[in-house]
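The values are calculated or read from the model by the stated rules, or taken from the named source; none is laboratory data. For clarity, every value in this text was computed on a predicted model and none was experimentally measured. Cβ coordinates were reconstructed from backbone atoms using ideal geometry, including for glycine residues, and neighbour counts include every protein chain displayed. Accessible surface is based on the protein model in full, side chains and every heavy atom, while ligands, DNA and RNA are left aside. Shrake-Rupley method; radii C 1.70, N 1.55, O 1.52, S 1.80 Å.
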Amino acid sequence: MKDCEVPKKWLHSIKNHVYWSAISSESGLEKVAKGNSLQNHIQNVHVHDNHLFPKCEHPDKVSRDPKKWFQPGSIALHKVEKLLYNKRVLKDIEKLSHHFQTSSLEAFHSLILRFAPKNVTFPFIGMLCRLYLAAMHYNENANREQATTTEGQAVYKFKKGECTAKPVKIEPTYNYVDDLMSLLIHKVFVDPKPYAEELHAIPIPPSLSSQYEKPSKEEVIAHRVSRFSRGVAGTQHTVPLDQETVGGSG
Ligand SMILES: [Zn+2]
């Protein structure tokens, strides 16, 4: 099990690296070159014998902790290499699409959670509006460039406990908010009718909870009263647990 400690810490970085190899490259061979560089990088070697990707792009300062890196000749390293660098995986990396990767889908999902937190229940139209806002924010900001220092150096963020250097993006912009405000003030306030009509034309599905048959209040009370009287009468009637919770909510 101790052999797994190093690979476990690297799992997230390896996944990110594959995505990054795909979206940051212009050719299949460049993707493979970047994919291969990982083999060196995890052993604390950051220059590579490939003109398409001769050197890691992260800052030169890396962890000095020898436990972080894979040791040359170790079983762990051998296993990771066998897994990542067989012909089939390399062919797959070469063919990875750089236009659309699940990492950007994941980014969109986490953005939705920021606009519509899961612990709050929104009415249908409210939720729809929040999804639209999330989509507008995403479309405006998804391909932000990486931030640079005043000296022009790319900025990375390091996550504690993981060997990941995440590129820090430039600040997001909110031009879609200005556009919406301008629409609201110059068009909607001036003539709200067509906008109201369009809003009312959106079909609102019935809420999920209304699809369940709910016992009436009288039924729940009657059930409780009969159970109570049975208990008072002393009959040893065991009430199943699921009945105890009937009508507990709503
Ligand atoms: Zn490196």
What whole-number value in Å² describes the accessible area per residue of the stretch 106-151 for a 1.4 Å probe? 73
If only Cα atoms are counted, what is the Rg of the stretch 2-95, and what is its Dmax, in Å? 13.0, 39
Y156's amide H: which non-local residues (gap 5+, or another chain) put their own amide H closer than 5 Å, with H modeled 1.01 Å from N in plane and none for Pro or chain starts? V168
Evaluate the charge dipole of the stretch 2-95 about its Cα centre and quote only its size in Debye, nearest 20, assuming +1 on the Cβ of each Lys and Arg and -1 on the Cβ of each Asp and Glu. 360
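Ordering R130, R224 by accessible area with a probe of 1.4 Å, largest first, what comes out?
On the way: R130 80, R224 150 Å².
Correct descending sequence by accessible area is R224, R130.
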For the stretch 2-95, which whole percent of the accessible surface, found with a 1.4 angstrom probe, sits on carbon and sulfur atoms? 57
Under 8 Å for C-alpha pairs, at least 6 residues apart: give me the relative contact order for the stretch 2-95, rounded to a whole percent. 34
In whole Å, what are the Cα extents of the stretch 35-179 along the three principal axes, biggest one first? 59, 40, 30
What one gets for the stretch 142-206 as the Kirkwood radius, inverse of mean 1/r over different Cα pairs in Å, is 16.2
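Solvent-accessible area per residue for the stretch 2-95 at a 1.4 Å probe radius, Å²? Walk me through the numbers before you get to the answer.
Numbers: 6280 Å² over 94 residues.
So the stretch 2-95 comes to 67 Å² accessible per residue, rounded to a whole number.
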Selected from H12, G28, V45, residue furthest toward positive end of dipole (the stretch 2-95; charges at beta carbon): H12
May I ask which residue of A116, G126, G73 lies farthest towards the positive end of the charge dipole of the stretch 69-134, with charges of +1 (Lys, Arg) and -1 (Asp, Glu) on Cβ and the Cα centre as origin? G73
By a straight-distance test (C-alpha under 23 Å), which lysines pair with K8 as possible cross-link partners, with residues fewer than eight away in the same chain excluded? K34, K61, K67, K68, K79, K82, K157, K159, K160, K166
